[in-house]
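Values in this text are rule-based calculations from the coordinates and carry no lab data. All figures in this text were calculated on a predicted structure; none of them were measured in a lab. In this analysis, Cβ positions are derived from the backbone assuming ideal geometry, glycine residues included, and neighbour counts consider all displayed protein chains.
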Amino acid sequence: MIATALLLTLAVGALSHLVYLCYFHPLAQYPGPWLARFTNFWRLLAFRSGRQHLTELALHRRYGHVVRVGPNWLSFETLADFEAIYGFNRDIEKDEFYNFGRSNKRQGFSLFTAKTDAQHRDRRKKVVTPALTLAKVGGYVEVVRKNVGVLLARLDDAVVVVAATQRDGKEGKVNVARILHRFTIDTSLEVIYGPHVCPQPVTDIPATAGFPEAIKLAGKSAWTASLLPLPAWFMSLRIVMALTGRLDNSNNKHATPVNLAAVAATSAKLIFNPQREELLSQHQQNSILKHWVALPSDDSRKMPPSELWSEAFNLVLAGTGSSAAALTALLHRLGLGAGKPWQTKIRAEIAAQQSNDIPSSSTFPVLFAVIKETLRLDAPFPTAFPRTIRAGAENALPGLPTALPVGTRVSASTFVLGRSHRLWGADADEWKPERWLDGDHHEDLDERFVAFSKGARQCVGRDLAILMTASAAIAVLKQWELSSVGALEGNSSFLEMSYDSCWLRFEETNNE
């Protein structure tokens, strides 16, 4: 009898909660998928399928600029909303969703996990100003160029192998997706850690040969952990991690944990070494870590070893996949029919260069127009990063019928904004680099451009990512005429856009 009464009470309570979420919750007035009223599980399924960016785009085109995507979560589409969420509003902050970026609750905040404006300002001062300003990024150009040379050699080898094995008389094609990802990994890690940790390309080392796949899995697992915290907590228990680690390693000697752990352990060996400054100074080559470590001991930006290791590894996780996605989409777009005339224009820019300066929008306006248009349409970070309304921000988002309750989660996707008809007009879904070459509207377009986010929390690796992408594109287009074969495959969005297949045909150019 007592058990029956208890079950009935629980059932009535659950039903009452569902009715509240559906009809009486403050967000009930906003349209969205039916399941979103009750659970984030539908969102997890969309994310795990790799199609969440397309799902959100379809939802906004169906329901409008505000969509309820979870019981306590709204997604926005307008530029004003994006700027309110990710700009300089100090009362819209990160919350526990980002705990996947911290190994435990006692660990200090990193640049990625910093919740408050003050925390983020402090982290940004320590991470960016010593090593990631535009001037500092210019100091990494030789490292980038060296790795571009490795990329060209790998592509050339792949072209030769395909040509030698082609037996049906058809022109051979090469899947460049993984080759490009290896380039961004090798380049990023050498820029971050320097030659002491990366004496050779990381993806050439057997223990880290599977690094591209490891990076993809890490991002996918991290976001899953935030959408379903309880299962993620269980999987993070030491005994569970030990058991699953043994299972992984018993099946594959180069399992994913090994690939990430090899880099983490090698970098930690250097960073936690009391002689790290002396070891880093042995090489003249610039690196982000070298700039951080070289700061005087009384400099407020000086970080202890634990922070050095955390911030460096966060750059590894955040930058390698997104840069690969940008470069892959760029070469694919250029290889299509609409992109071939732009290849010719970029080669003309290359031929006109009188010096070996760092690529910029002033020296390569056509190339940078093509890059921006590709980033707009094929956002490297298509997943919307959520923020939480704190006291004082209830009315921060313009045009809503009522104030948002404190604790409401809000987000806006760069993929959705990049294809928004409200922002870009009727041709928003078309790849048209010429829109960026209209001098009368260029500044206005830059205001709408959100691929690297905006405001105080915009991507700290923006200049480095553009340097890698532009340098690689120039070198590839100088040597080959590209032709895309089929569509990009594995067009999946997890933390970063991920491509498994990008088939290109290569024809030598006459650039003697």
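I'd like the Karplus ³J(HN,Hα) series for segment 434-444: coefficients 6.51, -1.76, 1.60, θ = phi - 60°, whole numbers in Hz, and an x wherever there's a Gly or Pro.
4, 4, 7, 9, 7, x, 6, 10, 4, 5, 5
Going by average Cβ density within 10 Å per residue, which order do the peptides 444-455, 177-188 take, highest to lowest? All intermediate terms of the calculation are to be shown ahead of the outcome.
Working: 444-455: 17.1, 177-188: 25.2.
Highest to lowest by the protection proxy: 177-188, 444-455.
So which lysines can Lys173 reach, going by Cα to Cα under 19 Å and dropping same-chain residues fewer than 8 places off?
Correct list for Lys173: Lys340, Lys478.
For Phe41, Phe112, Phe211, what ranking results if the residue with the fewest other Cβ atoms within 10 Å of its Cβ goes first? Each step should come with its number before you reach the end.
On the way: Phe41 13, Phe112 22, Phe211 25.
Listed from fewest to most nearby Cβ atoms, that is Phe41, Phe112, Phe211.
Stokes-Einstein D for the chain at 20 °C, 1.002 mPa s, Kirkwood Rh over Cα pairs, in µm²/s?
Details: Rh = 24.6 Å.
For these conditions, the coefficient is 87 µm²/s.
Please give the Cα centre distance for segment 449-509 versus segment 334-359, rounded to the nearest Å.
Using only Cα atoms to place each centre, the spacing works out to 15 Å.
Report ³J(HN,Hα) in whole Hz for each residue of segment 275-287, in order, from the Karplus equation J = 6.51 cos²θ - 1.76 cosθ + 1.60 where θ = phi - 60°; Gly and Pro get x.
After applying 6.51 cos²θ - 1.76 cosθ + 1.60, I find 9, 4, 5, 5, 5, 5, 6, 5, 10, 6, 4, 6, 8 Hz.
Within segment 131-193, list the GluC sites (Glu not before Pro) lying in a DSSP loop whose Cβ has at most 13 other Cβ atoms in a 10 Å radius.
Counting only loop positions with at most 13 other Cβ atoms within 10 Å, the GluC sites (Glu not before Pro) in segment 131-193 are Glu171.
From the Cα gyration tensor of segment 1-45, with a ≥ b ≥ c the square roots of its eigenvalues, which class applies: rounded if a/c is under 1.5, or else prolate if a/b is larger than b/c, or else oblate?
Details: a/c = 5.14, a/b = 2.01, b/c = 2.56.
It is oblate, given that a/c is not under 1.5 and a/b is not larger than b/c.
At a Förster distance of 56 Å, what's the computed FRET efficiency of Asn510 paired with Ser306, Cβ-Cβ distance as r, to 0.05?
Working: r = 54 Å, r/R0 = 0.97.
Rounded to the nearest 0.05, the efficiency is 0.55.
Using Cβ contacts closer than 10 Å as the measure, can you line up Tyr30, Tyr193 from fewest to most?
Numbers: Tyr30 19, Tyr193 25.
Listing Tyr30, Tyr193 from fewest to most nearby Cβ atoms yields Tyr30, Tyr193.
Among 198-204, 324-330, 32-38, how do they line up from the highest to the lowest mean number of other beta-carbon atoms within 10 Å?
Values: 198-204: 18.0, 324-330: 27.6, 32-38: 16.4.
Final packing ranking: 324-330, 198-204, 32-38.
Please list 388-394, 23-29 highest first by mean number of surrounding beta-carbon atoms within 10 Å per residue. The partial results should precede the final answer.
On the way: 388-394: 17.6, 23-29: 13.6.
With the highest mean Cβ count within 10 Å placed first, the list reads 388-394, 23-29.
Could you name the aspartates and glutamates whose alpha carbon sits less than 18 Å from that of Lys302, not counting residues in the same chain fewer than 8 places away?
Excluding near neighbours in sequence, the set is Asp122, Glu277, Glu278, Glu311.
Please identify the helices of the chain, taking whole runs of DSSP H, that span at least 27 Å along their own axis as judged from the Cα atoms and have a mean Kyte-Doolittle score of 0.0 or higher.
Values: long enough: 141-165 (36 Å, 1.14); 305-335 (45 Å, 0.58).
The answer, listed by residue number, is 141-165, 305-335.
Sequence neighbours fewer than 8 away in the same chain don't count; with that in mind, list the aspartates and glutamates whose C-alpha is under 20 Å from Lys146.
Leaving aside aspartates and glutamates fewer than 8 places away in the same chain, those within reach of Lys146 are Asp156, Asp157, Asp186, Glu190, Asp204, Asp357, Asp463.
Determine the shape class of segment 24-70: with a ≥ b ≥ c the square roots of the Cα gyration tensor eigenvalues, call it rounded for a/c under 1.5, and otherwise prolate if a/b is greater than b/c, oblate otherwise. Could you put the intermediate results ahead of the total?
Working: a/c = 3.23, a/b = 1.31, b/c = 2.46.
Oblate.
Please give the net charge around Ile346, taking every other residue with its beta carbon less than 15 angstrom from that of Ile346, where Lys and Arg add +1 and Asp and Glu add -1. Spell out each step's value before the answer.
Values: positive: Arg333, Lys340, Lys345, Arg347, Lys372, Lys478; negative: Glu349, Glu373, Glu434, Glu481.
That sum, taken over residues with Cβ under 15 Å, equals +2.
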